[in-house]
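Down below is the structure, laid out as structure tokens.
Laboratory data are not the source of any read-out in this text; all were calculated from the coordinates shown. As the structure is a prediction and not an experimental result, all values here were calculated from the model. All Cβ positions, glycine included, derive from the backbone under ideal geometry; neighbour counts span all protein chains shown.
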Amino acid sequence: MSERLLSVIVQDEPRVLTRISGLFARRNFNIKSLSVGRTEQRGVSRMTIVVEGDDRVVDQARQQLEKLVDVIRVIDHREEKYVDRELVLVKVRIEGPDQRVEIRHIAEDFRARIVDVGRRALVFEVTGDEGKITAFIEQMRPFGILETMRTGRIALTRGSNAEIQSQRYAPGPSQTLEPILPPSPSSKESV
């Protein structure tokens, strides 16, 4: 069994997530992580799914994903060079001033940001690849981790904008997709 990272470009419509996760559930896959967010185009979202399974069965699920009406494109990152990141919030117990200093030094090595300070705990935000996130958590474990929350991986294919232009999303049958552009200077409202 191997781990696969898939990006699924979908129309931003109700119940799309349910249909896609249901497809994996019917095949008895465990989705290790799932992240969803809007893209640069109106009406389009990107799902990043990390799934574990036999390659043959994952390939079959991928082909079935591509047949769903709301799915615009499926990218198997096994076949593409990509950049991936994950975000984690980690709440660490603080027993005293010396420990606080030690924990902060370790956090600096990971470029972790302190996002909440309490008398007995610090909350850190760390962004990076899965290995970095796991290593940070392991470094904090001896101090006492009170809570963690990981976002799951997100990924984009590497490449310049010129290469990406040929991969633009095709609109679905009932929708015209437009890029989200910054407002033009003449369209600013007066206050």
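Fully extending the segment from Glu102 to Asn30, taken as 0.36 nm per residue of separation minus the present Cα-Cα distance, adds 22.2 nm. Using R0 = 25 Å, the C-beta based FRET efficiency linking Leu156 and Arg19 works out to 0.60.
The convex hull drawn around the Cα atoms of segment 22-69, when projected onto a plane and averaged over every direction, covers 3.8 nm².
Charge dipole of segment 21-103 (Cα centre as origin; +1 on each Lys and Arg Cβ, -1 on each Asp and Glu Cβ, all else neutral): 380 debye, rounded to the nearest 20.
Rg and Dmax, both from the Cα atoms of segment 83-150 and both in Å, are 11.1, 39. Residue order for Asp12, Asp129, fewest other beta carbons within 10 angstrom first, comes to Asp129, Asp12. Each residue in Ile94, Ile133 was given a count of other beta-carbon atoms within 10 angstrom of its own, and listing them fewest first yields Ile94, Ile133.
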